[in-house]
Amino acid sequence: FIDTTLCTACRGCQVACKNWNRNGTIPTKNTGSHQNPPDLDGNTFKLVRFSEVETDGKVAWYFFADQCRHCLVPPCKDTIEGYVDDAVIQDEATGAVVFLEKSKEAPHEEVTSSCPYDIPRHREKGPMVKCTMCIDRVSNGLKPACVKVCPTGAMNFGELDEMIALANERLAKLKPKYPKAQLLDADEVRVIYLVVDD
Ligand code: SF4
Ligand code: SF4
(Lines give C-alpha, C1' and ligand atoms only; values in the text may rest on other atoms or scores of the structure.)
(Ligands and ions follow the chains in the order given, each with its own letter.)
Protein backbone atom coordinates (compact mmCIF):
# COMPACT_ATOMS: atom_id res chain seq x y z
CA PHE A 1 0.00 0.00 0.00
CA ILE A 2 1.50 3.31 -1.10
CA ASP A 3 0.11 6.44 0.52
CA THR A 4 1.27 9.20 -1.82
CA THR A 5 0.23 11.87 0.68
CA LEU A 6 3.05 10.78 3.00
CA CYS A 7 5.71 10.77 0.27
CA THR A 8 8.25 13.60 0.56
CA ALA A 9 10.05 12.59 -2.67
CA CYS A 10 13.27 11.73 -0.86
CA ARG A 11 13.65 8.93 -3.46
CA GLY A 12 15.05 6.55 -0.84
CA CYS A 13 12.81 3.85 -2.36
CA GLN A 14 14.14 4.50 -5.84
CA VAL A 15 17.75 4.22 -4.66
CA ALA A 16 17.08 1.16 -2.48
CA CYS A 17 15.47 -0.54 -5.48
CA LYS A 18 18.52 0.14 -7.63
CA ASN A 19 20.83 -1.00 -4.87
CA TRP A 20 19.04 -4.28 -4.10
CA ASN A 21 18.62 -5.17 -7.76
CA ARG A 22 22.18 -4.07 -8.61
CA ASN A 23 20.79 -1.84 -11.31
CA GLY A 24 23.20 0.63 -12.83
CA THR A 25 22.96 4.38 -12.79
CA ILE A 26 23.56 7.09 -15.35
CA PRO A 27 24.93 10.63 -14.87
CA THR A 28 22.26 13.09 -13.79
CA LYS A 29 21.04 15.58 -16.39
CA ASN A 30 18.75 18.49 -15.68
CA THR A 31 15.66 17.93 -17.80
CA GLY A 32 13.68 20.73 -16.18
CA SER A 33 12.22 18.51 -13.47
CA HIS A 34 13.38 16.89 -10.28
CA GLN A 35 12.21 13.61 -11.85
CA ASN A 36 15.39 11.73 -12.55
CA PRO A 37 15.93 9.63 -14.57
CA PRO A 38 13.12 10.97 -16.74
CA ASP A 39 11.37 7.59 -17.02
CA LEU A 40 11.45 3.96 -15.97
CA ASP A 41 14.10 2.05 -17.92
CA GLY A 42 15.99 -1.23 -18.04
CA ASN A 43 17.87 -0.24 -14.88
CA THR A 44 15.10 1.64 -13.07
CA PHE A 45 12.21 -0.42 -11.69
CA LYS A 46 10.92 2.30 -9.41
CA LEU A 47 10.68 5.99 -10.20
CA VAL A 48 9.37 8.87 -8.13
CA ARG A 49 7.36 10.94 -10.59
CA PHE A 50 6.95 14.66 -9.94
CA SER A 51 3.96 16.57 -11.26
CA GLU A 52 2.83 20.14 -10.81
CA VAL A 53 -0.83 20.79 -11.53
CA GLU A 54 -3.30 23.57 -11.00
CA THR A 55 -6.18 22.42 -8.90
CA ASP A 56 -8.95 24.75 -7.69
CA GLY A 57 -6.84 27.76 -8.69
CA LYS A 58 -3.84 26.63 -6.64
CA VAL A 59 -0.65 24.88 -7.60
CA ALA A 60 -0.26 21.37 -6.22
CA TRP A 61 2.96 19.40 -6.38
CA TYR A 62 2.48 15.65 -6.34
CA PHE A 63 4.94 12.79 -5.89
CA PHE A 64 4.14 9.31 -7.20
CA ALA A 65 6.50 6.37 -6.64
CA ASP A 66 5.70 4.46 -9.83
CA GLN A 67 6.27 0.72 -10.20
CA CYS A 68 4.61 -2.52 -11.32
CA ARG A 69 1.20 -3.02 -9.63
CA HIS A 70 1.42 -6.84 -9.72
CA CYS A 71 -2.02 -7.14 -11.29
CA LEU A 72 -4.27 -9.99 -10.11
CA VAL A 73 -4.75 -10.88 -13.80
CA PRO A 74 -1.63 -9.44 -15.51
CA PRO A 75 -2.11 -8.57 -19.18
CA CYS A 76 1.70 -8.47 -19.64
CA LYS A 77 1.84 -12.19 -18.83
CA ASP A 78 -0.74 -13.00 -21.49
CA THR A 79 1.14 -10.92 -24.04
CA ILE A 80 4.54 -12.47 -23.32
CA GLU A 81 3.14 -15.98 -23.22
CA GLY A 82 1.42 -15.41 -26.54
CA TYR A 83 4.97 -15.59 -27.97
CA VAL A 84 6.97 -17.71 -25.53
CA ASP A 85 5.83 -20.28 -22.96
CA ASP A 86 6.74 -20.17 -19.27
CA ALA A 87 8.45 -16.77 -19.45
CA VAL A 88 6.52 -15.19 -16.55
CA ILE A 89 6.00 -16.49 -13.03
CA GLN A 90 3.07 -15.47 -10.89
CA ASP A 91 4.17 -16.47 -7.41
CA GLU A 92 1.49 -18.39 -5.52
CA ALA A 93 2.27 -17.09 -2.04
CA THR A 94 2.57 -13.39 -2.85
CA GLY A 95 1.06 -12.96 -6.30
CA ALA A 96 4.29 -11.32 -7.49
CA VAL A 97 4.53 -11.21 -11.28
CA VAL A 98 8.13 -11.93 -12.30
CA PHE A 99 9.57 -11.92 -15.82
CA LEU A 100 12.16 -14.59 -16.66
CA GLU A 101 15.09 -14.35 -19.09
CA LYS A 102 13.00 -15.93 -21.85
CA SER A 103 10.75 -12.86 -21.84
CA LYS A 104 13.25 -11.18 -24.17
CA GLU A 105 11.82 -13.25 -27.02
CA ALA A 106 8.48 -11.39 -26.85
CA PRO A 107 8.13 -8.12 -28.79
CA HIS A 108 9.14 -5.48 -26.27
CA GLU A 109 6.86 -2.67 -27.38
CA GLU A 110 3.83 -4.91 -27.44
CA VAL A 111 4.53 -6.09 -23.89
CA THR A 112 4.90 -2.53 -22.63
CA SER A 113 1.77 -1.31 -24.36
CA SER A 114 -0.28 -4.22 -23.02
CA CYS A 115 0.41 -3.05 -19.47
CA PRO A 116 -2.32 -0.63 -18.34
CA TYR A 117 0.33 1.29 -16.36
CA ASP A 118 3.12 1.43 -18.99
CA ILE A 119 5.62 -0.37 -16.76
CA PRO A 120 7.72 -3.07 -18.48
CA ARG A 121 11.01 -1.99 -20.04
CA HIS A 122 13.78 -4.06 -21.58
CA ARG A 123 17.50 -4.25 -21.30
CA GLU A 124 19.54 -4.05 -24.45
CA LYS A 125 19.59 -7.59 -25.86
CA GLY A 126 18.21 -8.71 -22.50
CA PRO A 127 14.90 -9.64 -20.90
CA MET A 128 11.89 -7.51 -20.19
CA VAL A 129 12.32 -6.09 -16.67
CA LYS A 130 10.30 -4.42 -13.95
CA CYS A 131 9.71 -4.57 -10.19
CA THR A 132 9.80 -8.15 -8.89
CA MET A 133 8.05 -7.30 -5.59
CA CYS A 134 11.49 -8.19 -4.19
CA ILE A 135 10.40 -11.81 -4.30
CA ASP A 136 13.92 -12.86 -3.26
CA ARG A 137 13.63 -10.80 -0.05
CA VAL A 138 9.97 -11.49 0.68
CA SER A 139 10.35 -15.27 0.34
CA ASN A 140 13.07 -14.98 3.01
CA GLY A 141 10.90 -13.07 5.46
CA LEU A 142 12.18 -9.58 4.58
CA LYS A 143 10.23 -6.56 3.43
CA PRO A 144 10.80 -5.23 -0.10
CA ALA A 145 13.84 -2.95 -0.17
CA CYS A 146 11.77 0.13 -1.07
CA VAL A 147 9.39 -0.44 1.84
CA LYS A 148 12.18 -1.05 4.32
CA VAL A 149 13.89 2.28 3.65
CA CYS A 150 10.83 4.54 3.42
CA PRO A 151 11.17 6.93 6.38
CA THR A 152 7.66 8.42 6.28
CA GLY A 153 5.36 5.40 6.18
CA ALA A 154 4.33 6.08 2.57
CA MET A 155 5.35 2.51 1.60
CA ASN A 156 3.73 -0.40 3.40
CA PHE A 157 3.83 -4.15 2.87
CA GLY A 158 1.83 -6.93 4.47
CA GLU A 159 -1.12 -9.27 4.25
CA LEU A 160 -3.87 -8.15 1.91
CA ASP A 161 -6.56 -7.67 4.58
CA GLU A 162 -4.21 -5.57 6.72
CA MET A 163 -3.21 -3.40 3.77
CA ILE A 164 -6.82 -2.90 2.64
CA ALA A 165 -7.78 -1.93 6.20
CA LEU A 166 -4.90 0.56 6.40
CA ALA A 167 -5.73 1.98 2.97
CA ASN A 168 -9.40 2.48 3.89
CA GLU A 169 -8.48 4.03 7.21
CA ARG A 170 -6.19 6.57 5.51
CA LEU A 171 -8.78 7.23 2.81
CA ALA A 172 -11.49 7.96 5.39
CA LYS A 173 -9.14 10.33 7.19
CA LEU A 174 -8.18 12.26 4.03
CA LYS A 175 -11.61 12.48 2.34
CA PRO A 176 -12.91 15.48 4.31
CA LYS A 177 -9.89 17.57 3.24
CA TYR A 178 -9.42 16.00 -0.22
CA PRO A 179 -12.81 15.10 -1.77
CA LYS A 180 -11.06 13.52 -4.78
CA ALA A 181 -9.03 11.12 -2.61
CA GLN A 182 -9.23 7.59 -3.97
CA LEU A 183 -7.59 4.17 -4.00
CA LEU A 184 -6.42 3.25 -7.51
CA ASP A 185 -7.83 -0.01 -8.94
CA ALA A 186 -7.73 -1.61 -5.50
CA ASP A 187 -9.70 -4.68 -6.65
CA GLU A 188 -7.39 -5.40 -9.57
CA VAL A 189 -3.85 -5.01 -8.25
CA ARG A 190 -1.53 -5.93 -5.39
CA VAL A 191 0.14 -2.53 -5.17
CA ILE A 192 -2.56 -0.13 -4.05
CA TYR A 193 -2.02 3.62 -4.31
CA LEU A 194 -3.85 6.29 -2.38
CA VAL A 195 -3.97 9.58 -4.32
CA VAL A 196 -5.82 12.81 -3.60
CA ASP A 197 -6.39 14.13 -7.11
CA ASP A 198 -7.45 12.85 -10.52
FE1 SF4 B 1 2.22 -6.61 -15.75
FE2 SF4 B 1 1.90 -3.95 -15.88
FE3 SF4 B 1 0.33 -5.41 -14.28
FE4 SF4 B 1 2.92 -5.08 -13.69
S5 SF4 B 1 1.36 -3.46 -13.76
S6 SF4 B 1 1.74 -7.03 -13.62
S7 SF4 B 1 3.84 -5.03 -15.74
S8 SF4 B 1 0.41 -5.54 -16.52
FE1 SF4 C 1 12.14 -2.29 -6.46
FE2 SF4 C 1 11.75 -4.38 -4.84
FE3 SF4 C 1 10.38 -2.13 -4.44
FE4 SF4 C 1 9.86 -3.63 -6.59
S5 SF4 C 1 9.51 -4.21 -4.45
S6 SF4 C 1 10.06 -1.40 -6.55
S7 SF4 C 1 11.91 -4.46 -7.08
S8 SF4 C 1 12.61 -2.40 -4.26
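The values are calculated or read from the model by the stated rules, or taken from the named source; none is laboratory data. Just so we're clear, the structure is a prediction, and the values are computed from it rather than from any experiment. Don't worry about glycine lacking a Cβ; one is built from the backbone with ideal geometry, like all the others, and counts go over all protein chains shown. To get the accessible areas, we keep the full protein, side chains included, count just its heavy atoms, and leave off ligands, DNA and RNA. Shrake-Rupley method; radii C 1.70, N 1.55, O 1.52, S 1.80 Å.
Brief remarks follow.
- Region 42-69, residues that are open to solvent by 50 Å² or more (accessible area, probe 1.4 Å) and touching a residue at least 24 places away in the same chain (Cβ under 8 Å): Asn43, Val53, Tyr62
- Residue match in region 90-103 (condition: touching a Phe, Trp or Tyr at 6+ places or on another chain (Cβ under 8 Å) and open to solvent by less than 20 Å² (accessible area, probe 1.4 Å)): no
- Pairs where the first residue, in region 143-161, is touching a residue at least 60 places away in the same chain (Cβ under 8 Å) and the second is of a type in the set (Lys, Arg) and within 16 Å of ligand 1 (Cβ to nearest atom), C-beta under 7 Å, 6+ apart: Cys146/Lys46
- When residues of region 38-95 are limited to those that are within 16 Å of ligand 2 (Cβ to nearest atom) and among the polar types (S, T, N, Q), the one farthest from Leu160 (Cα to Cα): Asn43
- Test: residue in region 124-146 that is closer than 18 Å to Thr4 by Cα, in a helix (DSSP H, G or I) and either within 14 Å of ligand 2 (Cβ to nearest atom) or of a type in the set (D, E, K, R) (or both): yes
- Any hit, region 108-116, residues being under 17 Å from Asp66 (Cβ atoms), within 8 Å of ligand 1 (Cβ to nearest atom) and open to solvent by 70 Å² or more (accessible area, probe 1.4 Å): yes
- Scanning region 19-41 for residues that are buried (at least 19 other Cβ atoms within 10 Å of the Cβ) and either without any contact (Cβ under 8 Å) to a residue 12 or more places away in the chain or away from ligand 1 (no atom under 16 Å from the Cβ) (or both) yields one hit, Trp20.
- Residues (touching a Ser or Thr at 6+ places or on another chain (Cβ under 9 Å) and among the acidic types (Asp, Glu)) located in region 53-81: Asp78
- Subset of region 147-180 [part of a helix (DSSP H, G or I) and either open to solvent by 90 Å² or more (accessible area, probe 1.4 Å) or among the small types (Gly, Ala, Ser) (or both)]: Lys148, Leu160, Asp161, Glu162, Ala165, Ala167, Glu169, Ala172, Lys173
- Qualifying residue in region 118-134 (condition: open to solvent by 50 Å² or more (accessible area, probe 1.4 Å) and at pLDDT 95 or above): yes
- Hits in region 100-120 - residues which are in contact with a helix residue (DSSP H, G or I) (Cβ under 7 Å, 6 or more places away or on another chain) and either of a type in the set (Lys, Arg) or under 20 Å from Trp20 (Cα atoms) (or both): Pro120
- Filter result for Phe45 (more than 12 Å from ligand 1 (Cβ to nearest atom) and not acidic (Asp, Glu)): no
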